[in-house]
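Below: the structure, in structure tokens.
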Amino acid sequence: MKALSKIYIGLIIFFLYAPVLVMIFFSFNAGESVWVFDGFSLDWYAGLIFNSEMLEALKNTLIVALLSSVISTILGTAAAVGISSFRKKISKRLAMTVTNIPMMNADIVTGISLMLLFVFFGKLLGLSESLGFITVLIAHITFNIPYVILSVIPKLKQTDANLREAALDLGCTPIKAFFKAVVPSISTGIFTGFIMAFTLSLDDFVISYFTCGHFQTLPIVIYNMTKKTVTPDVYALSTIVFISVFILLILYNTVQNGSEKRRSKH
């Protein structure tokens, strides 16, 4: 049974990562073909420097991902602290149910509903263009906040409830007590929420597609390229993005493991 389970897990991992390995392999193709390997080359990686459309989309993606992850981390942490302070269980359950809805909801439903909302307010305010950078940013913040909340709340539950009161007794103001006593104890949860928000924002396509207008992120540009001819420079850029996300996930797991080891020692 153990051998069968290992084979089963191995097959799952193979089918999950085989397409990614093929993409990485052909990103080093010397020719322009995306199915015939003509030799090893780094030309497609070097060519990305001169691809203005791709670089512009990458810049837009990084700006949106960074801003949305920072803002959603701040708002999500504040919301998690507020939810944890509820004394009635029914209030906590209701708040957590509302938090879980955006995560369980289909991306296409979220994208269309946000698009309709932005267009409605755009017409109401008399804007010439309702969709753009701001709407994409708001959309990303919206779907990132629940993930931050769910990352911070477990850390708040593990924190000593008397920690803040002890800081207040020692002369700290409520705000200072929060940043000096509470934030360090939940810092791993905050960092985890930030990393998760950044990675989710980095590769989002569906919600961005419905709320972008003329503003384009990298997933949208790659999608538009697939309608024409896909060249290996898309593979090269996708490989860079994949490796970057992979490094972030390793960092995320390292922080999580370090937090668990410190908690087990105490």
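General observations
- For region 156-206, convex hull volume per residue from C-alpha positions, Å³: 85 Å³
- Note on the chain: GNM, Cα springs under 10 Å; of GLY122, GLY213, GLY111, the largest mean-square fluctuation is that of GLY122.
- Under the span-like rule (Cα at least 30 Å along the axis, Kyte-Doolittle mean at least 1.6), DSSP H helices of the chain: 2-26
- Highest-fluctuation residue, THR61, THR239, THR173 considered, GNM on the chain with Cα pairs under 10 Å: THR173
- Based on the Stokes-Einstein relation at 10 °C and a viscosity of 1.306 mPa s, and on the Kirkwood radius from alpha carbon pairs, region 1-41 is assigned a translational diffusion coefficient of 134 µm²/s.
- Our helix-only sum for the chain, with -39,500 (n - 2.57) per DSSP H run of n ≥ 4 divided by its residues, gives a mean residue ellipticity at 222 nm of -25000 deg cm²/dmol.
- The chain: most fluctuating residue of ILE71, ILE13, ILE175 per GNM, C-alpha cutoff 10 Å: ILE13
- Selection among GLY213, MET225, VAL119 by position relative to the dipole of the chain gives VAL119 as farthest towards the positive end (Cβ unit charges, Cα centre).
- Extension gain (nm, one decimal) between ALA78 and VAL255, 0.36 nm per residue minus Cα-Cα: 61.6 nm
- Average silhouette area of region 117-266, convex hull of alpha-carbon atoms, in square nanometres: 12.8 nm²
- Highest mean packing comes first when the peptides 39-52, 18-31, 178-191 are listed by Cβ atoms within 10 Å, giving 178-191, 18-31, 39-52.
- Length-normalised contact order of the chain in % [C-alpha pairs under 8 Å, at least 6 apart]: 30 percent
- Which label in (i) 21.4; (ii) 18.3; (iii) 18.8 gives the computed Kirkwood radius over Cα pairs in Å: (i)
- Straight-line cross-link partners of LYS59 among the aspartates and glutamates, defined as a Cα under 15 Å from its Cα and at least 8 positions apart when in the same chain: ASP203, ASP204.
- Alpha-carbon geometry of region 47-164: the Rg and the Dmax are 18.1, 59 Å, given in that order.
None of the figures in this text is laboratory data; all of them are computed from the coordinates on show. These figures come from a predicted structure and were not determined experimentally. Using ideal geometry, Cβ is built from the backbone for each residue, glycine included, and neighbour counts are taken over all protein chains shown.
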